[in-house]
Structures are given as C-alpha cells and as structure tokens.
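The values are calculated or read from the model by the stated rules, or taken from the named source; none is laboratory data. Bear in mind the structure is a predicted one, so any value in this text is a computation, not a measurement. Every residue, glycine as well, gets a Cβ built from its backbone with ideal geometry; the counts of neighbours run over all protein chains shown.
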Amino acid sequence: MQRSPIRKRKRTLPRSLSAKLLLLTIVVVMATEVFIFMPSVANYRLTWLARHFNTGEAASLSLEKLDPELVPPDMPQQLLSLTQTQAIIVRRDGASRILATSAMPEEIEDHVMLEAPGRAAAVRSMVDALDTLINGGDRIIRVYGPMQERPGELELVMKDEPLRAAMLSYAGNVLLISLALSFFTGLVVFLVLRWFLIRPLQRMSDAMLAFARDPEDASNVIEPSGRDDEIGVTEEQLSKMQVQLRGTFTQQKALANLGLAVSKINHDMRNILASASLFSDRLSSAEDPLVKRLAPRLVRSIDRAADYTKQVLDYGKAGEAVPRKVLLRPHRLCRDVGETLALDGEGDDAIEWVNAVPPDLEINADPDQLFRVLLNLCRNAIKAMEGMDAASVRRLMVMANRDGDTVLIEVSDTGPGIPEDIAEHLFTAFKTSDRKGGTGLGLAIAAELVRVHDGSIDLLRDGQPGTTFCIRLPAT
Ligand SMILES: Nc1ncnc2c1ncn2[C@@H]1O[C@H](COP(=O)(O)OP(=O)(O)OP(=O)(O)O)[C@@H](O)[C@H]1O
Ligand SMILES: [Mg+2]
C-alpha cells in the first residue's frame, strides 16, 4: 500500500500560547532555583563541619587540660560519640598527639581543610558538596584546621555518613521549598502575562477568525479596549482594518450582484434593441417631416445602446474597457450629448445648453467612451438643476481647449453644487448617491473611462456657485 505523502507533524509541545508560556516560566524559574540550591547545600555542609570541628575543639580542650591519670576511662569514647568522630588529634610544634581514638582507620579517603571563605573556596565547596552527595556515605574523612582558642591545629577523623545524611535531609527540604517557590512564581508570572498579553492576543485572534468566517456581521469587528500600549494600538489598527475591509466587501458584493443583474438584463436587452433598431430604420422612410428629422437620431441612439450592451458583456469578460482611439472632434460629441438629453432649448423652463467647445478642436480618443463620460456628467447636472426655482439661471456648459499635449474639457452647471460630505468619495462606486433613483455609479464609470485614456477627472473647487468637472486627456 502506498503511503500518503502528507505526514502528520508529531505534536510534542503544547499548541496554545498559554500552555507554552506556563511551561517556559516553570523551566526558567527551576533553572534559577539551581543557582540557589547548590550554594545553600554547600554552605550547609561547611556549617555542619564547622559545628563538629568546634565541638571537637572543646572536647580536645578538656582532654588536654586533664591529667591523663585522672581522665575517666569512658570519657574519650563519650567525646568521640558526641563529636561523631573516630579520632581527635592535636598537632602543635611539629608533634601530633592523639587525644581520643576508637579504632584508627587504615585509609583516609578525603581531606577537608576548614579555610577562610573566598570566591575560590565557594566554588570548591560546591564541588565538594556535590561529591559528598554523589560519592559519599561510607568514606572516612579527615577534617583539619587551626584551632580558634589555642595555638595549634586540630584534626578530626570521622565517617562522612552522618554528614551526607544531614545534607540529604537538608537538600530535600530546600528542594521542596524550591519547588513550591518556583510553582508559585511561575503561576504569578503566568497569570500576569496571561492577563496583560495572552488574553488580548486571544481576543484579537478570535475576532480575526470570527471576521474571516462572516465579514458582513458588524459584531465581528473588534472593539478596541482603549489601552495606550502596543496591544491597544494593534487593537485599534485591527478594528480600523476590519471596518475598511467590511466596507470594501459590501461594495464588492454590491458590484458582483449588479454585474450579475446587468449581465442578465443585457442578454435580453440586446435582442429588444435589435428589433427597435429595425423599426426605427423603417421610420426614416415616413413622410412626416418631424419623424424624418428625428428618425436618424433615434437610430443612432439605439445603435449606441446596442453597442453598450455588447461592451458590457465584453467588460465582464476582460475586466477593463480598452479604448479604441480615433481622431475626433469633441464639439460633435457634445452636440450628440445635447441631442440625446433633449437639450434643444425648447420650452420656458428649459435648461440653457451651451456647447462652447471649439468646432475645430481635435482629440485622439474612443468616441463611445468619451460620449459616455460627457453624458454622465451632463445628466448629473440636469438632475441637479431639475428641482430648482423657475426664476433661477439654469445653465449647462461644456468648454474645451488644448494646452500643449493635453486637452482640457470643463463641464459646468449653475446647480446647487455638490454637498461637502459626498465630495470625498465622488468617484467611488455606490458611495455617493443621495439622489432618489440614482445608483452612485455614473461618476465612477466616467472616472474609469477617463483613466483608461491615461487622463484624469477632478471636481473644480473655485468657490463659484454650481458644479464644474475638469477632464484632462492626452491629445494624441
Ligand atoms: N452636477 C452636479 N450637481 C450636484 N450634485 C451632483 C452633480 N454631479 C453629481 N452630483 C452628486 O453626486 C452623486 C453621485 O453621482 P453619480 O453620477 O456617481 O451617481 P448618481 O447620479 O446618483 O447615480 P447614477 O449616475 O449611477 O444613476 C449624485 O447622487 C449627486 O448627489
Ligand atoms: Mg449620475
């Protein structure tokens, strides 16, 4: 049977950050305890030896002072058992005197000199303590050093078994206290870190997971705790990012839905427009002069609409409308826009339409796309001026001029102007429409069409009443 190439990783360490932190804290505290444990055991050993040495010195004093004839026979033995030694020897002026002995051992395995404390002595004492704990127990040792009260040196010969037993009992106690201490310290450090670090991190990671699952749900956006440290800043940034992402997601979803709806409508609209084009063609042969005059415009408009439906489908596939540039006169395009929007100046309340584009000005651009840009801007202007008082001036004007390699086109109206609050996102789809029946797409489309021409579109803010949009396009 073939083995799966994906191997599961062995999980030897705990996965959660809290568990790792707890383990690490305990290990670090225990490691620190070792540095306390060894010196304290070594110190205990020296204290134990010094205590026995002092007792031995007191015993040697009584034995030396008494007349040997008067020493009770069992006294040396008693003193030996009191000091837990096998022999007490005094060395003075180059001569040794055995004051008390049970059975003098044949071999002495270790010599311990009680010396003044120092750094080297401290290190040596730790090595010796470790040696006693590991190797000791049935060894005979010789403890020697200068006497405190009298001149000369005292020497004690003893088994190291009682010393090792006392050290083991002491070490056991120290170990227990160290364990309790490291557990307690570990717990406190762990709880503090958990409260200040792990908990907020966990909260952020939960918020991110919940947000990834359902970005539409506003309750999944993290609420910053208001802390003024790095965690607080991260929470704040995360919250801002989630809000932004939610906005983009909603916008994308609206765009996707719209795209789907447009595709469906387009599909059927193409057929309807094809038959409308056929009918309007036949209208041209009618006798009525008005019909004769309007029929070609109608045919042009319908053809244009049919072309759009095709372009929308192409756009859906390619994702970008590539301009098909030709040398054209914007004056004529403007005239077409005016005709399409029925800006013929007829009627009392008609909007004044001024096509101030020089008739001989030429530009290299896609006629359909430029037409759509101007149509969107002019339609917005008309909509804005529709509700205005009959006495007020209602004028829509398009101007253009060439400035070096750039053609500047200005579309201005005498309407109410663009509200400050929507001006910032004017060219972003679905963000601006406060108009009933508007989708908020027109300016976004216009901006994109200008962009694919390597041009720019801006709202002119010159303090004048009304609205002016300025388009800059490369002339060639
Ligand atoms: N000339 C203007 N005067 C006043 N307000 C304007 C003008 N042009 C645009 N606006 C404001 O900008 C908003 C966005 O315009 P845009 O063309 O993007 O969308 P829309 O006209 O609302 O909808 P759509 O064009 O998709 O049908 C409008 O709703 C309107 O409030
Ligand atoms: Mg519009």
*Does segment 394-410 include one or more residues that are surrounded by fewer than 22 Cβ atoms within 10 Å (Cβ to Cβ), within 16 Å of ligand 2 (Cβ to nearest atom), more than 46 Å from the chain's Cα centre (by Cα) and among the basic types (K, R)?*
no
*Look through A381, A475, A446 and report the one residue that is near ligand 1 (Cβ under 7 Å from one of its atoms) and modelled with pLDDT of 85 or more.*
A381
_Could you go through segment 371-387 and let me know if any residue there is more than 16 Å from ligand 2 (Cβ to nearest atom), under 21 Å from P465 (Cα atoms), free of Cβ contacts under 8 Å to residues at least 60 places away in the same chain and surrounded by fewer than 21 Cβ atoms within 10 Å (Cβ to Cβ)._
no
_Check on I422, under 46 Å from the mean Cα position of the chain (by Cα), of a type outside the set (K, R), within 16 Å of ligand 2 (Cβ to nearest atom) and surrounded by fewer than 18 Cβ atoms within 10 Å (Cβ to Cβ)_ = yes
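Each row is one residue, and each column tells you yes or no for (1) modelled with pLDDT under 85; (2) buried (at least 18 other Cβ atoms within 10 Å of the Cβ); (3) under 60 Å from the mean Cα position of the chain (by Cα).
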site	(1), (2), (3)
G56	no, yes, no
A59	no, yes, no
K65	yes, no, no
E69	yes, no, no
S81	no, no, no
R92	no, no, no
G145	no, yes, no
P151	no, no, no
E161	no, no, no
*asked:* M399 - would you say it is hydrophobic (A, V, I, L, M, F, W, C), within 11 Å of ligand 1 (Cβ to nearest atom) and in the same structural domain as C334 (by TED's automatic domain parsing)?
replied: no
*asked:* With the condition being within 16 Å of T55 (Cβ to Cβ) and of a type in the set (G, A, S), I'd like the strands (runs of 3 or more DSSP E) fully within segment 81-147 carrying at least 1 qualifying residues.
replied: 87-92, 95-101, 140-146
_If I go through segment 407-424 residue by residue, how many of them are more than 9 Å from ligand 1 (Cβ to nearest atom) and free of Cβ contacts under 8 Å to residues at least 24 places away in the same chain?_
3
